[in-house]
Amino acid sequence: MIIRKYYAAVSNILNPAENLYLIEFDTFEECIQYKPGQFLHLSIDKNYTGIDQWPESRCFSIFPSENPGKISIVYSVKGNYTMNMRDSLTIGSYVWIKLPYGNLFTEVQNKQDCVFIAGGTGISPFMSLFCHSTFYTYLNPSIYLGLKSSKYDIYSSMIKNAFEKNKIPLENYLLYHEDNEGLLNINEIFAKHGQNKDYFISGPPEMILKFVSLLRSNGVNDKYIHFDKWD
């Protein structure tokens, strides 16, 4: 796919829980081309003209939107850039977006019994797959999602709808709230699924590093471990 830049307007902002935001951008295009699991670069630099060197930006996974001409992201406030997003972006604000990037799902060979593990907003790249027409090709997937608390769960209804649509058992979706069930336990997940399954991991960098390391130490080949590599 060709990387394109869009001058886009903020068309909607939701703040369902503390420091959690879902933003929708109107690109003024009939359709935006991207594949499940891909991400974008977002710049909120008001001085950028579109022809200068690309300004400071941040990467965000593309969250599924019902409108083909709009692009959505989900983010949590963690650091100066996302603080500036929270404080400066309002409905009608203009931003620059560059996309698509990434190949998280394009090189998967075996789609049987895949294991998806996500922490917090790290579920975003998986959501774009779960809500996509190609999700039916993933046979008997399992999803593990860890959230701070039930207040941060804006995903379960979409996931359950995708499971029901694709005749996936709902017991394959396991939701953990840190304030009740504790953190995701990669050793328990591995013990259930073993070495020869494809593992997809998305979440905070420290979580990815820890989980990837533990899977490797348990003999999982790198070809079965998938996570975003943002450049």
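Filtering segment 79-102 to residues that are in contact (Cβ under 8 Å) with a residue 40 or more places away in the chain and either closer than 15 Å to N19 by Cβ or open to solvent by 80 Å² or more (accessible area, probe 1.4 Å) (or both) leaves N84, M85, R86, L89, I91, Y94. Within segment 90-108, track down each residue that is more than 17 Å from the chain's Cα centre (by Cα) and not in a loop (DSSP other than H, G, I, E, B). Scanning segment 90-108 gives Y94, V95, W96. Within segment 1-49, the set of residues being surrounded by fewer than 14 Cβ atoms within 10 Å (Cβ to Cβ), under 23 Å from A118 (Cβ atoms) and in contact with a helix residue (DSSP H, G or I) (Cβ under 9 Å, 6 or more places away or on another chain) comprises N15, P16, E18.
Scanning segment 163-185 for residues that are open to solvent by 40 Å² or more (accessible area, probe 1.4 Å) and not in a loop (DSSP other than H, G, I, E, B), which turns out nearest to T137 (Cα to Cα)? Among residues in segment 163-185 that are open to solvent by 40 Å² or more (accessible area, probe 1.4 Å) and not in a loop (DSSP other than H, G, I, E, B), the one nearest to T137 (Cα to Cα) is K165. Listed by first and then second residue, the pairs linking a residue in segment 122-150 that is under 22 Å from K192 (Cα atoms) and in a helix (DSSP H, G or I) to a residue that is aromatic (F, W, Y) and at pLDDT 95 or above, with Cβ atoms under 7 Å apart and 6 or more places separating them unless they lie on different chains, are I123/Y155; F126/F116; F126/F200.
Of all residues in segment 126-136, those satisfying the criterion of being open to solvent by less than 40 Å² (accessible area, probe 1.4 Å) and out of contact with any Phe, Trp or Tyr (no Cβ under 7 Å at 6 or more places or on another chain) are F130, F135.
The values are calculated or read from the model by the stated rules, or taken from the named source; none is laboratory data. Bear in mind the structure is a predicted one, so any value in this text is a computation, not a measurement. All Cβ positions, even for glycine, are placed from backbone atoms using ideal geometry, and neighbour counts span all protein chains on display. When the accessible area is computed, the model is the full protein with side chains, heavy atoms only, and any ligands, DNA or RNA have been set aside. Shrake-Rupley method; radii C 1.70, N 1.55, O 1.52, S 1.80 Å.
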